[in-house]
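Trainee: Sharing a structure with you now.
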Amino acid sequence: MRAHSHQGMADRHDPYVSLRNPNFLWYVASLVALTLGTQIQATVVAWQVYALTKDPLSLGLVGLAEALPFITAALYAGHVADRHDRKILSMIAVAVQLVCAAALLVLTVYSTRLLARTIVPFYAVVCVSGLARSFLQPARTALGAEIVPRETYTNAITWRSSLWQFAAVIGPAAGGVIYGFSGARLAYAVETVLCATALVLFGRIVYKRVPPMITESTIGENLTVGIRFLMNQPELLGAQLLDLLSVLFGGAPALLPIFASEILHVGPQGLGVLRSAPAAGAVVISVLLVHRKLRKVGPTLFICVGIFGLCWIFFALSRWFWLSLALLFISGMVDNVSVVIRSTLLTLRTPAHLLGRVSAVNQIFIGSSNEIGSFESGVAARLLGTVRSVILGGFITLGVVGATAWRIPRLRELDELS
């Protein structure tokens, strides 16, 4: 037992231990392929919709079309992820994403006939994609915890985040470049191939399903057990609320097409680079996090979220492309620190049989902050103007940091991820 304990300690300090796990390699390879495809889709859909409408609210509606099914189905999706085979459920969701990519390609090829008077078909496809993501997230997250040893959770989560962010760097840039030079048809064709690749790679994972340990007697108890669990975890709940409110008001990625087109004047290629900048910053910080153990977790979390808000304030004021790019890069660095902290806390503190349902509640927070945040950004930009709405959101983020630190001292005092 003592030798085994020493081995576990050694693994904890090995930055590459997770990459020696074949199942984890197939898992993250699929994650990268699918992320590349969906990031290309997000960039091209945003540019197409804005080019057709010239209305910032239309960009917000893209986020809303994805968020509503994503959030509405989340609790049930978590319930399903804890009761059924997580690998099969994930593969079905990826297959639906593949169908959505093919549908966007068809819409573009026959745009003169299908998009002559309306862009509603875009919203419909995005809606189905959001529903697929709602089932994919809890199933894939819970499966990711099952295929790696518990003592390597932090290392696996950091690598998963790093590689996801790497794909999120390449995806938007590739989408912008392909769309700018070759048009939407090729962009959606590439996305379709990437989604198909992700499906094949995920199928290579060797996974033996553990029978579920369900103790709740009613469907209502099953659906709400994740919420009840979080309510008894103040540090974890505080981290989720901090992310929800800061990204909901502080970030405005949905408005990047407006900044690229009308403020910075850099076109679709520049839009792809701008969308990639936060993820590029996240990749850089991920490399450091893999090799360095986080300490003073609570103060670090609050400082990073505060810097995130400041970056968006100065981004709104910037009229120089390279300064804007640098600010988005820094925002991605600090945001990814909070992602690693939040994801590791969730995985370490949640029993395996509840992980699907707790992950589903987590995705409600994420979906609310990202997709509903996109809708909020579009509405605020329509009412206040693009620049003023982003500045106001940044100041609201700073207020959220102060209020959360005051109301949840246990999160503020958190020292280590354990």
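Trainee: Among the residues of segment 286-303, is there at least one that is under 20 Å from Pro253 (Cα atoms) and surrounded by fewer than 17 Cβ atoms within 10 Å (Cβ to Cβ)?
Mentor: So far as segment 286-303 goes, no, none of its residues is under 20 Å from Pro253 (Cα atoms) and surrounded by fewer than 17 Cβ atoms within 10 Å (Cβ to Cβ).
Trainee: Quick check on my filter: what residues within segment 54-103 are farther than 14 Å from Ala360 by Cα and either outside any helix (DSSP H, G or I) or in contact with a His (Cβ under 9 Å, 6 or more places away or on another chain) (or both)?
Mentor: Lys54, Asp55, His84, Asp85
Trainee: Looking at segment 132-142, which of its residues are of a type outside the set (S, T, N, Q) and in contact with a Leu (Cβ under 9 Å, 6 or more places away or on another chain)?
Mentor: Restricting attention to segment 132-142, the residues satisfying the condition of being of a type outside the set (S, T, N, Q) are 132-133, 135-136, 138-140, 142.
Correct list: Phe135, Leu136, Pro138, Ala139, Arg140, Ala142.
Trainee: Within segment 162-181, does at least one residue satisfy the condition of being assigned to a helix (DSSP H, G or I), farther than 16 Å from Thr38 by Cβ and under 21 Å from the mean Cα position of the chain (by Cα)? Break it down stepwise before answering.
Mentor: Here is the first cut: in segment 162-181, the residues assigned to a helix (DSSP H, G or I) are 162-181.
From the residues that got through so far, the ones that are farther than 16 Å from Thr38 by Cβ too are 162, 177, 180-181.
Then drop every residue that is not under 21 Å from the mean Cα position of the chain (by Cα), which leaves 162.
Scanning segment 162-181 turns up at least one residue that is assigned to a helix (DSSP H, G or I), farther than 16 Å from Thr38 by Cβ and under 21 Å from the mean Cα position of the chain (by Cα).
Trainee: Then there's this: Residue by residue through segment 13-31, note down the ones that are under 14 Å from Phe166 (Cβ atoms) and open to solvent by 30 Å² or more (accessible area, probe 1.4 Å).
Mentor: Leu19, Ala29
Trainee: Hey, can you tell me all the residues within segment 243-266 that are in a helix (DSSP H, G or I), at pLDDT below 80 and of a type outside the set (A, V, I, L, M)?
Mentor: Those that are in a helix (DSSP H, G or I), at pLDDT below 80 and of a type outside the set (A, V, I, L, M): Asp243, Ser246, Phe249, Gly250, Pro253.
Trainee: Looking only at segment 304-334, filter to residues that are among the aliphatic types (A, V, I, L, M) and in contact (Cβ under 8 Å) with a residue 60 or more places away in the chain; which one of those is most open to solvent (accessible area, probe 1.4 Å)? Lay out the reasoning, then the answer.
Mentor: Applying the first criterion (among the aliphatic types (A, V, I, L, M)) to segment 304-334 yields 305, 307, 310, 313, 316-317, 323, 325-328, 330, 333-334.
Restricting the remaining residues to those that are in contact (Cβ under 8 Å) with a residue 60 or more places away in the chain gives 305, 310, 313, 316-317.
Values: Val305: 11, Leu310: 74, Ile313: 11, Ala316: 0, Leu317: 97 Å².
Per the stated criteria, the residue is Leu317.
Trainee: Report, by residue number, each residue of segment 51-61 that is closer than 24 Å to Thr192 by Cβ and surrounded by 24 or more Cβ atoms within 10 Å (Cβ to Cβ).
Mentor: Selection gives Leu59 alone.
Trainee: Restricting segment 35-49 to residues that are open to solvent by 10 Å² or more (accessible area, probe 1.4 Å) and not polar (S, T, N, Q), which is farthest from Val206 (Cα to Cα)?
Mentor: Trp47
Trainee: Here's something else I'd like to know. I need the full set of residues from segment 236-257 which are open to solvent by 10 Å² or more (accessible area, probe 1.4 Å), of a type outside the set (A, V, I, L, M, F, W, C) and under 20 Å from Gln39 (Cα atoms), in order please.
Mentor: Here is the first cut: in segment 236-257, the ones open to solvent by 10 Å² or more (accessible area, probe 1.4 Å) are 237, 241, 243-245, 247-249, 253-254.
From what's left, of a type outside the set (A, V, I, L, M, F, W, C): 243, 253.
The answer is Pro253, and nothing else.
Trainee: Considering each of Thr72, Thr118, Thr108 in turn, give the residue that is modelled with pLDDT under 80, open to solvent by 10 Å² or more (accessible area, probe 1.4 Å), farther than 27 Å from Trp159 by Cα and polar (S, T, N, Q). Please lay out each step first, then the result.
Mentor: Working: Thr72 fails: modelled with pLDDT under 80; Thr108 fails: modelled with pLDDT under 80.
Unique residue meeting the criteria: Thr118.
Trainee: Under 7 Å by Cβ, and 6 or more places apart or on different chains, what pairs join a residue from segment 173-195 that is within 10 Å of Gln41 (Cα to Cα) with one that is hydroxyl-bearing (Ser, Thr, Tyr) and open to solvent by 30 Å² or more (accessible area, probe 1.4 Å)?
Mentor: Cβ pairs passing all conditions: Ala187/Tyr179.
Trainee: Could you run through segment 326-348 and say how many residues are hydroxyl-bearing (Ser, Thr, Tyr) and modelled with pLDDT of 85 or more? Can you show your working first?
Mentor: Start the filter on segment 326-348 by keeping residues that are hydroxyl-bearing (Ser, Thr, Tyr), which leaves 331, 338, 343-344, 347.
Adding the requirement that they be modelled with pLDDT of 85 or more leaves 331.
Adding up the residues that qualify gives 1.
Trainee: Mind checking which residues of segment 160-191 are of a type outside the set (A, V, I, L, M) and open to solvent by 30 Å² or more (accessible area, probe 1.4 Å)?
Mentor: First pass over segment 160-191, keeping only residues of a type outside the set (A, V, I, L, M): 160-162, 164-166, 171-172, 175-176, 179-183, 185, 188, 191.
Of everything in segment 160-191, those that are of a type outside the set (A, V, I, L, M) and open to solvent by 30 Å² or more (accessible area, probe 1.4 Å) turn out to be Arg160, Trp164, Phe166, Tyr179, Gly180, Phe181, Ser182, Arg185.
Trainee: Could you please give the count of residues in segment 260-285 that are open to solvent by 40 Å² or more (accessible area, probe 1.4 Å) and within 22 Å of Phe166 (Cβ to Cβ)?
Mentor: Number satisfying all stated conditions: 4.
Trainee: Kindly list the number of the only condition in (1) open to solvent by less than 70 Å² (accessible area, probe 1.4 Å); (2) of a type outside the set (S, T, N, Q); (3) modelled with pLDDT of 90 or more that fails for Leu223.
Mentor: Just one mismatch for Leu223, condition (3).
Trainee: Now for a different question. Looking only at segment 290-317, which residues are at pLDDT 80 or above and assigned to a loop (DSSP other than H, G, I, E, B)?
Mentor: First, the residues of segment 290-317 that are at pLDDT 80 or above: 296, 298-317.
Scanning segment 290-317 gives a single hit, Lys296.
Trainee: Further question: Could you list, in sequence order, the residues of segment 341-362 that are outside any helix (DSSP H, G or I) and either in contact with a Gly (Cβ under 8 Å, 6 or more places away or on another chain) or open to solvent by 30 Å² or more (accessible area, probe 1.4 Å) (or both)?
Mentor: Within segment 341-362, Pro351 is the sole residue that qualifies.
Trainee: Can you pull out the residues in segment 117-157 that are over 17 Å from the mean Cα position of the chain (by Cα) and of a type in the set (Phe, Trp, Tyr)?
Mentor: Scanning segment 117-157 gives Phe122, Tyr123, Tyr153.
Trainee: Which of (1) within 28 Å of Pro257 (Cα to Cα); (2) within 17 Å of the chain's Cα centre (by Cα); (3) not acidic (Asp, Glu) does Ser58 not meet, given it meets every other one?
Mentor: Among (1) within 28 Å of Pro257 (Cα to Cα); (2) within 17 Å of the chain's Cα centre (by Cα); (3) not acidic (Asp, Glu), Ser58 violates only (2).
The values are calculated or read from the model by the stated rules, or taken from the named source; none is laboratory data. All figures in this text were calculated on a predicted structure; none of them were measured in a lab. Reconstructed Cβ throughout: ideal geometry from the backbone, glycine too, with neighbour counts over all protein chains shown. Each accessible area value is taken on the protein alone, full model and side chains, heavy atoms only, with ligands, DNA and RNA left out. Shrake-Rupley method; radii C 1.70, N 1.55, O 1.52, S 1.80 Å.
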